[in-house]
Amino acid sequence: MKSLKLFFVLVNLIALFITLSATTSNNEQFLNEEDKTQEPISLRGTSQFLAQKNARVVMTCDKYPRVCHAKGSPGQDCCKKKCVNVLTDKLNCGKCGKKCKYSEICCKGECVNPRSNKKHCGSCGNKCKKGNVCVYGMCSYA
């Protein structure tokens, strides 16, 4: 019985030793791929998932303004580290931090009420004809 316990302890120690000492060249990464002069990061003792999370660089528009000009970006303006379109964004209408009221929308950088605005009746750019008024977001006769 004593020899069986000793056997299991030895097997566990060998498995632990192999796990801790095994490293490959794939487990070393550089923080900056362009600058190979930096010391490599060893992943010994950590999982690949955690190591990748620490090495990832988050590109925010306050540090990298060109991010907002990329294809698929929500807008070309940077407000509070986020790319936005100040011509249509309700929280940054016309400029960063200018919020529209609950009932208003942002049209061409201006907060307007689409239920009563003749130039933006129901939606941005929907102009009522001469002599009509905007009532509840619909152009109708006066």
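So residue 131 fits all but one of (1) at pLDDT 90 or above; (2) in contact with a Phe, Trp or Tyr (Cβ under 9 Å, 6 or more places away or on another chain); what number is the exception?
(1)
Are any residues in region 104-119 within 24 Å of residue 141 (Cβ to Cβ) and either under 23 Å from the mean Cα position of the chain (by Cα) or part of a loop (DSSP other than H, G, I, E, B) (or both), and if so, which ones?
Hits for region 104-119 are 113, 114, 115, 116, 117, 118, 119.
Quick one: which of 106, 139 is under 27 Å from residue 68 (Cβ atoms), without any contact (Cβ under 8 Å) to a residue 40 or more places away in the chain and not hydroxyl-bearing (Ser, Thr, Tyr)?
106
Answer yes if at least one residue in region 69-79 is modelled with pLDDT under 90, exposed (fewer than 15 other Cβ atoms within 10 Å of the Cβ) and more than 14 Å from the chain's Cα centre (by Cα), and no otherwise.
Yes, some residue in region 69-79 is modelled with pLDDT under 90, exposed (fewer than 15 other Cβ atoms within 10 Å of the Cβ) and more than 14 Å from the chain's Cα centre (by Cα).
One residue is enough: does region 99-110 have a residue meeting the conditions surrounded by fewer than 14 Cβ atoms within 10 Å (Cβ to Cβ), at pLDDT 90 or above and touching a Pro at 6+ places or on another chain (Cβ under 9 Å)?
Looking for residues that are surrounded by fewer than 14 Cβ atoms within 10 Å (Cβ to Cβ), at pLDDT 90 or above and touching a Pro at 6+ places or on another chain (Cβ under 9 Å), one finds at least one in region 99-110, hence yes.
Which condition number does residue 87 fail, the rest of (1) open to solvent by less than 70 Å² (accessible area, probe 1.4 Å); (2) in contact with a strand residue (DSSP E or B) (Cβ under 8 Å, 6 or more places away or on another chain) being met?
With respect to (1) open to solvent by less than 70 Å² (accessible area, probe 1.4 Å); (2) in contact with a strand residue (DSSP E or B) (Cβ under 8 Å, 6 or more places away or on another chain), residue 87 is out only on (1).
Please specify each residue of region 120-142 satisfying the condition of being assigned to a strand (DSSP E or B) and surrounded by fewer than 17 Cβ atoms within 10 Å (Cβ to Cβ).
Correct list: 132, 133, 135, 138, 139, 140, 141.
The values are calculated or read from the model by the stated rules, or taken from the named source; none is laboratory data. Remember, it's a predicted structure, so these values are computed and weren't measured experimentally. Don't worry about glycine lacking a Cβ; one is built from the backbone with ideal geometry, like all the others, and counts go over all protein chains shown. In case anyone asks, the SASA skips ligands and DNA or RNA and just uses the protein heavy atoms, side chains included. Shrake-Rupley method; radii C 1.70, N 1.55, O 1.52, S 1.80 Å.
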